[in-house]
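A short worksheet on the structure shown next.
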Amino acid sequence: MKSLLRDLALLPVAAAEVMAMRPLVSTGETVLYAATVAALFLRRRFPVPVLAAALPVTFTGHLLLAPMVAMYEVARTRERKAVGAWAAAFFLAALGPWLPPLLTAGPAADGLLYGAVSSALMTAGPTALGRLSRARRELARHIEELSRAHRREAELIAERAAVTERTRLARDMHDVVSYQVSLLTVQAGALQRTAPDPQSRETAGIIRELGATALRELRGLVGVLRSVPTETPRLTGLPDLLSTSALDTVLHADLPVLTSVKWPPAVEEAAYRTVQEALTNARKHAPGAKVTVSVDTADRAGRPALIVEVHNIVEVHNAAGEGSAPLPSGGHGLTGLRERAEQLGGEFEAGPTDDGCFRVRAVLPGA
């Protein structure tokens, strides 16, 4: 749009030039000049042909605005050798009005020097401005490339720092947390073998299995922190997750049907983590409650989606748990589930229901 406005602004200037030179130009020259001005609208696409069409007007020596604009466009868009050749052609064409005195003898031939200087100035002006415009455009492009390179360098530095920090976290988790969980698992295994009470042995076996699962999860997390690909939890792991939860659980899920759909790994992991976190919260806040886990599919905006729901009674008195240390809770589990679902373009909600239960529900769209 700006280019069109600039082109339209040439029209009144060209008209003023014609009016100023009207006593010196013929009708044929005026018509030729009008055609040259009209051709300027195509100079950005065809700069060289437009300049070639303007050279006859330059040769007449009276109307020079349009040829100079065409020369500027060639100097702005073409390489140096081509610009030099067309500048020489423009210079010779501008000498047109001063050539006839050469055919006559006498002092009139002395004006040729003045004509050469005038033609050189008319040629040098638009050529220098065009080359300056080209240099400015190339400089701006180089500055932009340099800025992109600097931004990329800053991103690489930040990524390298993040990798270093993740490696440190992975090392600390492996050295501290993994050691403690390993001791817990070993002690639970020993208790499972030596406890005289069958219920105690069963509880110790559950603790041992949970410890082993925690170690596997921790190993996977450490692998992620070290940027090593690890196995992503799948929907097929839900039965094992529920069996080791130490809760009264019921699973409503047709796993063959669910796994027949090619879900993205991130969707299956989000579904698994949703159930896992809901079971963890149920153990903390309603240890004796019955937990119902439902996983189904639905159509959402024309593509399949996983619907994960976990129900449990809000609070159940557990005499066996009296006097035990409360389990730690950071309060970030549900927030993390919501962030997972939203990053996948899904929905998440958690809260009490009218029938006295607590419900966690996630809608996870597939690819």
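Is at least one residue of region 223-230 polar (S, T, N, Q), at pLDDT below 90, under 30 Å from R168 (Cβ atoms) and in a loop (DSSP other than H, G, I, E, B)?
Yes, region 223-230 contains at least one residue that is polar (S, T, N, Q), at pLDDT below 90, under 30 Å from R168 (Cβ atoms) and in a loop (DSSP other than H, G, I, E, B).
Can you tell me which residue is modelled with the lowest pLDDT among those in region 171-210 that are of a type in the set (S, T, Y) and either open to solvent by less than 80 Å² (accessible area, probe 1.4 Å) or touching a helix residue (DSSP H, G or I) at 6+ places or on another chain (Cβ under 7 Å) (or both)?
Within region 171-210, the match that is modelled with the lowest pLDDT is S178.
Residue by residue through region 252-306, note down the ones that are open to solvent by less than 30 Å² (accessible area, probe 1.4 Å), modelled with pLDDT under 90 and of a type in the set (D, E, K, R).
Within region 252-306, none qualify.
Identify all residues within region 34-53 that are modelled with pLDDT of 85 or more, buried (at least 19 other Cβ atoms within 10 Å of the Cβ) and of a type in the set (A, V, I, L, M); write none if there are none.
Result: V50, L51, A53.
Across region 17-33, which residue is nearest to G130 (Cα to Cα) among those that are open to solvent by 60 Å² or more (accessible area, probe 1.4 Å) and not in a loop (DSSP other than H, G, I, E, B)?
Once the filter is applied, the top-ranked residue is L32.
Test A9 against the criterion of being in a helix (DSSP H, G or I), modelled with pLDDT under 80, open to solvent by less than 40 Å² (accessible area, probe 1.4 Å) and of a type in the set (G, A, S), and give yes or no.
no
Which of the following residues is modelled with pLDDT under 85 and not basic (K, R): G330, G345?
The conditions single out G330.
Give the residue that is most open to solvent (accessible area, probe 1.4 Å), with candidates limited to residues of region 90-117 that are at pLDDT 80 or above and out of contact with any Ser or Thr (no Cβ under 6 Å at 6 or more places or on another chain).
Only one residue fits best here, namely L92.
Of all the residues that make up region 54-89, how many are open to solvent by 50 Å² or more (accessible area, probe 1.4 Å), in contact with a helix residue (DSSP H, G or I) (Cβ under 6 Å, 6 or more places away or on another chain) and more than 24 Å from L8 (Cα to Cα)?
2
The values are calculated or read from the model by the stated rules, or taken from the named source; none is laboratory data. Just so it is clear, the model here is predicted, and its values are computed rather than measured. Reconstructed Cβ throughout: ideal geometry from the backbone, glycine too, with neighbour counts over all protein chains shown. Each accessible area value is taken on the protein alone, full model and side chains, heavy atoms only, with ligands, DNA and RNA left out. Shrake-Rupley method; radii C 1.70, N 1.55, O 1.52, S 1.80 Å.
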